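Laboratory data are not the source of any read-out in this text; all were calculated from the coordinates shown. These numbers come from a predicted model, not from an experiment. Using ideal geometry, Cβ is built from the backbone for each residue, glycine included, and neighbour counts are taken over all protein chains shown.
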Amino acid sequence: MPNLLSKAEYRAVEQYRAQVVKERGRDVSLEEAESEWLDRCAVQWREARQREILKRQREEILRYKWIESEKAQRDLGAEAALDWIKRYAADWRRWYETQSDSSDV
């Protein structure tokens with residue numbers, strides 16, 4: 001069964017492959033690089049990426065909370081955070097996936 005990697009994961013595999021080719025001084029197939037990356041790097045890479053996504057999402061929520069609290073002239077607290085999640089979280093994640101680069105991690 002073929003592995004279904006995200007675009008960001010494929011970029012990470014391609015970077016890994018380039019690094020391995022340089023280290024070994026010979027060509028490495030994409031399949032070989034993918035297999036090695038999955039065995040050696042995937043878990044740490046995915047954990048780091050998830051931490052980065054959550055950090056950036058938290059920053060967006062706090063920015064939204066500040067703007068909306070300023071408009072309301074009071075601290076909206078969790079109400080604003082939940083509003084951002086309901087209104088923008090799904091679109092933001094889709095946007096982030098297309099804009100982010102595996103080198104961010």
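For this structure, a couple of remarks:
- Amide H contacts of residue 41: none lie under 5 Å away among residues 5 or more positions distant or on a separate chain (H built 1.01 Å from N in the peptide plane; Pro and chain starts excluded).
- About its Cα centre, the chain has a charge dipole of approximately 280 debye under the convention of +1 per Lys or Arg Cβ and -1 per Asp or Glu Cβ, with nothing else charged.
- Positive-pole candidate from 50, 66, 33, dipole of the chain, charges at beta carbon: 66
- Degrees, to the nearest 10: 7-24 long Cα axis against longest axis of the chain: 40 degrees
- Karplus-derived HN-Hα couplings along the range 72-88 (A = 6.51, B = -1.76, C = 1.60, θ = phi - 60°), whole Hz, x at Gly and Pro: 7, 6, 7, 6, 7, x, 4, 4, 5, 4, 5, 5, 4, 4, 5, 7, 10
- Between helix 30-40 and the chain: long-axis angle, C-alpha atoms, 0 to 90°, nearest 10: 60 degrees
- ³J(HN,Hα), Karplus 6.51/-1.76/1.60, whole Hz, each residue of the range 52-58, x for Gly, Pro: 5, 4, 5, 4, 5, 5, 4
- Amide H contacts for residue 76 (H built 1.01 Å from N in the peptide plane; partners 5 or more residues away or on another chain; cut-off under 5 Å): 69.
- Per-residue ellipticity at 222 nm, computed for the chain from helices alone with -39500 (n - 2.57) per DSSP H run of at least four residues, works out to -27000 deg cm²/dmol.
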